[in-house]
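Worksheet for the structure shown next.
Derivation of every value follows stated rules applied to the coordinates shown; laboratory data play no part. Quick caveat, the model's predicted, so the values are computed rather than measured. Here Cβ is always computed from backbone atoms with ideal geometry, including for glycine, and neighbour counts include all displayed protein chains.
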Amino acid sequence: MTKMQAGAIVSTLAVFAALTVVFMFLPLEAEMLESQKIFYFHVSFAFTMFLACIVTAVAGGYYLARGCELADAVAGASAEAAFLFASIVLLTGMFWARSSWNVWWNWEPRLTSMLALWAIYAGYLLFRANARGEARRRLASVYGIAACVMVPIVYYSIKLWGGLMHPREGTIFDMEVSMQVGLLISFAAVLCVYAALMALRARIETAERRLESLWQNEGRG
Amino acid sequence: MKHTLAQFSRLFYKDLSLQWRSRGAMAVALLFSLTAVMLFALVYGPFFSPPELPMEARRRELAKLASSIYWTAAAFAGVVAIYRSAEADREAGGIKAVRMDADGSVIYAARMCALSVMLCLTQLALGLLTAAFFDISWLTLGDVLRLIGVGAAASVGLGAVGALMGAMAASMRGGEGLLSAGMLPLQLPLLMAASKCAAPIWASEPIQEKAWIALLVAYALIMSAVGLLLFEVVLED
Amino acid sequence: MRAAWIAFAVSFAVCTTLAFMTAAPVGVSAEDVRAEAEATQTINPDLPADAAIQKAADYLEKKQRSRLTYLFSAYLVLWGLLGLYLYTLARKQARIEAELKRLSALWEDAPEDSVG
């Protein structure tokens, strides 16, 4: 069994466990009923997205300091995951908002800052897709470090500017224990998905790089 | 230290004169704001806020609108100015041609300051235009100074992001096309904070949400620090 | 890549099955309908009791149905985006493999002395 296959099996099992707990064992929330079950994956993807943003910055910094190509591949893969997860968070959040508050969108600080973060990582991916060679790695690393500034802004946005829809940070510690367990298991599952996607993407990036160098050698030969 | 300061002032003067040569960007930004105001006025018109509203409510409405249009135009002005600066760089033979063996952080500081000065000047012109179009006649000297303060802080932040992204775009083939895609999202938090800070000032009221001021200043400082630390990396071959 | 697709398909199937299996049947309790009807009559006192009850039952049923719709839509979007991402990765990998094949074919065709 290859490492990729093992990763796929582990993340499938983790997602299976999380879905089973969320759908079969957790009680229905009194007010929101079924639609509250969006919460577990919505919040888990949000936390994992924060982690992905931080990993992008740290790996970028490591690349700048040591020139390690794997670190750059990790940064690129992590930024793609951050963008994907931010899209998931925004869209699942819209369905939840519609079912709970009867609106698809409003311009409260958390939503607005989250949209800004999404746009920043879209910019990162555009930059990365259009640069070539060593410049691409350097510039993407600088951009990734600058983009990470958005993480605390999104996280503390409710504390700083107040919000109508989202609770303040740290509210999960006041939730019912069963909900906390559900959230924890979902978070673990999303982390596994993140790790598997990263490994897959980094492998493709490495292959792409090998191909690039082979073409260069071919050109020289 | 003295040598660094001399290098900085030479580079700053050089960048500023390059910026000044491309001051057409300012006119483009003013035209853009004129278009924006006209479109808004057409939809809202003939008055931006109903005259039957109490004076205080009218002021608030006008101030919100003025602030959002002003900062949209300022963002546009920033993009145009940075494009022009990248163009001017290319014509002068790239950033390395103006290096004079200076450290990356010195080049960055000079460029950021030159860009900020130009943005400040553009914003001053935009501010006058905004006050005229929105018939804002109630501002006190204190309000004007507060507006200048917000504008200056935002200009530093916009200049910090712009100088970094401009150099990044210049070191990529066809990077100019990507400049706004990469730069505008990074400037979003600054623009959000600046427009939220400026709105109550345009209404001659105190800023209630101090967190926006904190975001404006902190973001400008953090972006300047990121630029100062990493500019050398951007310039490497 | 195949392992990723299998993992994705299995997870999606599990999610859909569980969501369908565990979704509470659409139906509202008499108690809820009574409470909603009373609330309706407070706002609109001229409404006859029968009509108020009918209106309340319709409203509550529609509301519950829409909750299920939003739940399914949210999870569908989630899997849709993950699937789309996997698809882009699969295409990228296929492109790289094709190029590698092309390159090795080039090397095989090249005369001995020009290789290496």
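The chymotrypsin sites (Phe, Trp or Tyr not before Pro) found in the stretch B:130-180 include none that occupy coil by DSSP while having at most 11 further C-beta atoms within 10 Å. With R₀ set to 56 Å, the beta-carbon distance separating residue C:13 from residue A:155 gives a calculated FRET efficiency near 0.95.
Above 25 angstrom, tally the Cα pairs of chain A and express them as a % of all pairs, no decimals. Considering chain A, 46 percent of its Cα-Cα pairs are separated by more than 25 Å. The GluC sites (Glu not before Pro) of the stretch B:168-237 meeting both criteria, a DSSP state outside H, G, I, E and B (loop) and at most 14 other C-beta atoms within 10 angstrom of the site's C-beta, are B:236. Once you divide the Cα radius of gyration of the stretch A:119-221 by 2.2 N^0.38 Å, the number left is 1.58.
Return one number: the angle in degrees, 0 to 90 and rounded to the nearest 10, between the long axis of the Cα atoms of helix A:177-220 and the longest principal axis of the Cα atoms of chain A. Helix A:177-220 sits roughly 20 degrees off the main axis of chain A. The value given for the stretch B:2-235 is a Kirkwood hydrodynamic radius of 18.3 Å, derived from the mean inverse Cα-Cα separation.
The fraction of all Cα pairs in the protein assembly as shown landing in successive 10 Å bins from 0 to the largest distance is 3, 15, 21, 21, 19, 13, 6, 2, 0, 0, given as whole percents.
Against the main long axis of the alpha-carbon atoms of chain B, helix B:210-235 sits at an angle near 20°. Applying both filters, DSSP loop and at most 15 other Cβ atoms within 10 Å, to the chymotrypsin sites (Phe, Trp or Tyr not before Pro) of the stretch A:69-167 gives A:104, A:105, A:107. Stretched out straight at 0.36 nm per residue, the stretch from residue B:145 to residue B:56 would grow longer than its current Cα-Cα span by 29.9 nm. Among B:197, C:15, A:68, B:120, a tally of other beta-carbon atoms within 10 Å of each Cβ gives an order, fewest to most, of A:68, B:120, C:15, B:197.
Between residue A:6 and residue A:69, the modelled labels are 2.4 nm apart [label points 7 Å from Cα along Cα→Cβ].
Rounded to 0.05, the FRET efficiency of the residue B:1 and residue A:207 pair, given R0 = 56 Å and the Cβ-Cβ distance, is 0.65.
Please compute the alpha carbon radius of gyration of the stretch A:1-119, then divide it by the globular-protein estimate 2.2 N^0.38 Å. Two decimals is fine. Present the calculation step by step, with values, prior to reporting the outcome.
Working: Rg = 17.5 Å, N = 119, 2.2 N^0.38 = 13.5 Å.
Normalised by 2.2 N^0.38 Å, the Cα Rg of the stretch A:1-119 equals 1.29.
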